[in-house]
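Written out below as structure tokens is the structure these notes cover.
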Amino acid sequence: MLLKSALGLASPEGRNGRLSILIFHRVLTEPDLLLPEEPDVARFDLLMRWVAEWFNVLPLNEAIAALCAGALPPRAAAITFDDGYANGYHHALPVLQRYGLSATFFVATAFLDGGLMWNDMLIEAVRLASTSLCLETDIEGIGTVRIGSPDEKRCLLARLLPTVGMLPLTVRDEIVAKFVAASKILLPQDVMLSSGQLRALRAAGMLIGAHTMNHPCLLACSNDEAEHEIMASRAKLESILDEPVDLFAYPYGKPGKDYDTRHIDLVKKLGFKAALSTCWGSNSVESDLYQLSRFTPWDRKRWRFGLRMLGNFYHDSEELAS
Ligand SMILES: [Zn+2]
């Protein structure tokens, strides 16, 4: 009760209102040592129970309209999922429906219908590779890779993923292909959403937004490549859903590191209504609609979760691109 009052003071209704946008990626069947930050379905259920109790969750488009009009309800929030994992349909949707919550799914369209994102290819290659595998890489700072115990696999991925993700698209995909070939595994084909599941999410009242095709670091793309990635992903979603798509989330989402003002201008030029970063913080009537902040709570205890959501109102967003 005390926490709910404190959240209401930090996030009142009307012109001084603040919009908290939560970001998730996967909702796992069970905890996964190689994905320690991702909630399993039981934990996600708990988080959503607290969110439903403490926040007024709006569909993102309505939340943005209310934010602009200075008409947010107290403790306003929206929920988002990035990348387009099938477990968003299998695990997240039933929980969201249980608590009457709406969410927006930002989808990297090249991986729909049987594809796999580059990071998941690496994760699965490392997960399933035999523990005696040794691989020469020419990645600066990584060098020779030895696949060892499960804990060593987790440490290796913690080093590999941030480095490989920042490389230009073709270099990134070449390195990933080398890992997959060396580990001699068959990649799973049901990790990402199918077109049918995407339509079913929309039919269940969820919103869909664009997130590029191949999930590149936009700063590592040429201007033409970046424009094509953004436009083609929207066109693909619009053809599946047969309706306009006007929300966008920058891949990785850190200003100056993953996108800059060129990409903000591009997203505006292409007619998107808003775009989301992964900068922490909440959003006010003065926030940049093309760099809305998002936040992931990761707590297992109710009071810690409440305090962290409260703390997010006082996180300043000095790092935005301008
Ligand atoms: Zn993403």
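Using each residue's phi in segment 17-24, evaluate 6.51 cos²θ - 1.76 cosθ + 1.60 at θ = phi - 60° and report the 3J(HN,Hα) Karplus result to the nearest Hz, with x for Gly and Pro.
Values, residue by residue: x, 10, 9, 8, 10, 8, 10, 10 Hz.
Loop-only check: which GluC sites (Glu not before Pro) in segment 133-240 are DSSP coil with at most 14 other Cβ within 10 angstrom?
Those that pass, being in a loop and sparsely packed, are 140.
Where does each of 239-247, 266-274 land if you order them by average Cβ count within 10 Å, highest first?
The most tightly packed comes first, giving 266-274, 239-247.
With +1 on each Lys and Arg Cβ and -1 on each Asp and Glu Cβ, and nothing else charged, work out how big the dipole of the chain is about its Cα centre, in Debye to the nearest 20.
1020
Please give the calculated 222 nm ellipticity per residue for the chain, where each DSSP H segment of at least 4 residues contributes -39500 (n - 2.57) and the sum is spread over every residue; nearest 500 deg cm²/dmol?
-12000 deg cm²/dmol
May I ask which residue of 162, 149, 130 lies farthest towards the positive end of the charge dipole of segment 118-183, with charges of +1 (Lys, Arg) and -1 (Asp, Glu) on Cβ and the Cα centre as origin?
149
Could you identify which residue out of 305, 111, 44 has the top mean-square fluctuation in a GNM of the chain using Cα springs shorter than 10 Å?
Evaluated over the chain, the most mobile residue of the options is 305.
Quick one: Cα centre-to-centre distance for segment 83-123 and segment 231-278, in angstrom?
Here the answer is 17 Å between Cα centres.
Which of 257, 236, 184 ends up with the largest GNM mean-square fluctuation for the chain, with Cα atoms connected below 10 Å?
Among 257, 236, 184, the largest GNM mean-square fluctuation belongs to 184.
Between 311, 196, 143, where does the largest GNM mean-square fluctuation fall for the chain, given springs only between Cα atoms within less than 10 Å?
With Cα springs under 10 Å in the chain, the top fluctuation among 311, 196, 143 is at 143.
With each label point set 7 Å from Cα along the Cα-Cβ vector, what nm distance links residue 142 and residue 225?
1.6
Based on the alpha carbons, how large is the Rg to Rh ratio for segment 1-90 when Rh follows Kirkwood?
Value, to two decimals: 1.04.
Can you tell me the relative contact order of the chain? Whole percent, Cα pairs under 8 Å, sequence separation 6 or more.
20
No value in this document is a laboratory result; all are computed from the given coordinates. Given the structure is predicted, the values throughout are model-derived calculations rather than measurements. Note: ideal-geometry Cβ built from the backbone for every residue, glycine included; neighbour counts use all protein chains shown.
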